Amino acid sequence: MSETFQRHLDEIEDRILKACQKAGRSERPELVAVSKRQSEDRIEAALASGVRIFGENRVQEAQERWSERRSVYPDLKLRLIGPLQSKKSEDAVALFDTIDVLDREKLCRTLADAIQKLGKAPDILVQVNTGEEPQKSGVLPSELSDFIDRVCPDYDISPVGLMCIPPADEPAGPHFALLARLAERHGLTQLSMGMSGDFETAILYGATHVRVGSALFGARDS
């Protein structure tokens, strides 16, 4: 398993390098290994290969997987990349270094309460629903300015970047371009965009973090 993972990792790193060269970028994006629903042997293989940045979708699953490993790997960086229930805000703030999925005022409030209570403030990104899909989480592009300029300051929340998941049936490039423009407009430095099927495109548009799961680990466990 370790050899297989290392081979996949080397291939992804090479593709990232080539995409950066194509884009004329000197600074490479950080690779976020999407570990949701992956088996323990795959997680151990990733750790053995030196991977330290992981993305998780569910707070409870992440707690079970990473709480004890924190003491073994103090350089771990955990990012929450799946929808966050407001009632799980305190657990998320306690565990994650970055929360990529701020998308509504109620979540601002519960995150602010958790940050105040725990005295720990993870980096926060706003998820943008670039495709304006009714079934998908995220602030609409037309509402982003109000959310960042009015709602977030009301709760003393200062986002550092934006995240998006483009519609599956549309070219990703225009959505990444839109997210990059929105981030620049608001002076935000992190762009979490691009997954296994489109991370090279995301790099062309300035992604600072690419979220890669199946291309690294193989198909997820059901």
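The values are calculated or read from the model by the stated rules, or taken from the named source; none is laboratory data. Quantities reported herein were computed from a predicted structural model and do not represent experimental measurements. All Cβ positions, even for glycine, are placed from backbone atoms using ideal geometry, and neighbour counts span all protein chains on display. Heavy atoms of the whole protein, side chains included, go into the accessibility calculation; ligands, DNA and RNA do not. Shrake-Rupley method; radii C 1.70, N 1.55, O 1.52, S 1.80 Å.
The phi torsions of the range 170-184, fed into the Karplus equation with coefficients 6.51, -1.76 and 1.60 and a -60° offset, translate into couplings of 10, x, 6, x, x, 6, 5, 4, 4, 4, 4, 5, 5, 5, 4 Hz, rounded to whole numbers, with Gly and Pro shown as x. Solvent-accessible surface of the chain, averaged per residue with a 1.4 angstrom probe and all protein chains in place: 48 square angstrom.
Between the amide H of residue 124 and those of 99, 160, distances stay under 5 Å, these residues lying 5 or more places away or on another chain, with hydrogens modeled in the peptide plane. Residues considered: 72, 32, 51. Largest GNM mean-square fluctuation over the chain, using C-alpha springs under 10 Å, is found at 72. Computed packing ranks the peptides 116-122, 161-167, 15-21 as 161-167, 15-21, 116-122, most packed first, by mean other Cβ atoms within 10 Å. Mean residue ellipticity at 222 nm, helices only, the chain: -11500 deg cm²/dmol; runs of at least 4 DSSP H residues each add -39,500 (n - 2.57), and the sum is divided by the number of residues.
Each Lys and Arg adds +1 at its Cβ and each Asp and Glu adds -1 at its Cβ; summed about the Cα centre, the chain shows a dipole of about 160 debye. Applying 1/(1 + (r/R0)^6) with R0 = 25 Å to the Cβ-Cβ distance of residue 22 and residue 214 gives a FRET efficiency near 0.65.
By the compact-protein rule of thumb, 2.2 N^0.38 Å, the alpha-carbon radius of gyration of the chain corresponds to a ratio of 0.99.
Evaluated over the Cα positions of the range 24-97, the convex hull gives a direction-averaged projected area, one quarter of its surface, of 5.9 nm². In the calculated pair distance distribution of the range 148-222, what percentage of Cα-Cα distances lie above 21 Å? Roughly 35 percent, once rounded to a whole number. Solvent-accessible area of the chain (1.4 angstrom probe, protein heavy atoms only): carbon and sulfur portion equals 46 percent.
Taking amide H positions as placed in the peptide plane 1.01 Å from N, state which residues far from residue 190 in sequence (5 or more) or on other chains have amide H under 5 Å from it. Amide H neighbours of residue 190, under 5 Å, 5+ apart: 161, 162.
Distant-in-sequence amide contacts of residue 139, defined by a placed amide H-H separation under 5 Å and a gap of 5 or more residues or a different chain, comprise 127, 128, 129. Of the GluC sites (Glu not before Pro) found in the range 1-47, the ones in coil according to DSSP and having at most 10 other Cβ atoms within 10 Å of their Cβ are 27.
For the residue pairs 22/88; 36/106; 22/120, the C-alpha atoms sit more than 31 angstrom apart in 22/88; 22/120. Candidates 130, 80, 50 compared by Cα position along the dipole of the chain: farthest toward the positive end lies 50, with charges placed on Cβ. The shape of the range 1-48 can be summarised by an equivalent ellipsoid whose semi-axes, obtained from the alpha carbon gyration tensor, come to 25, 11, 7 Å from longest to shortest.
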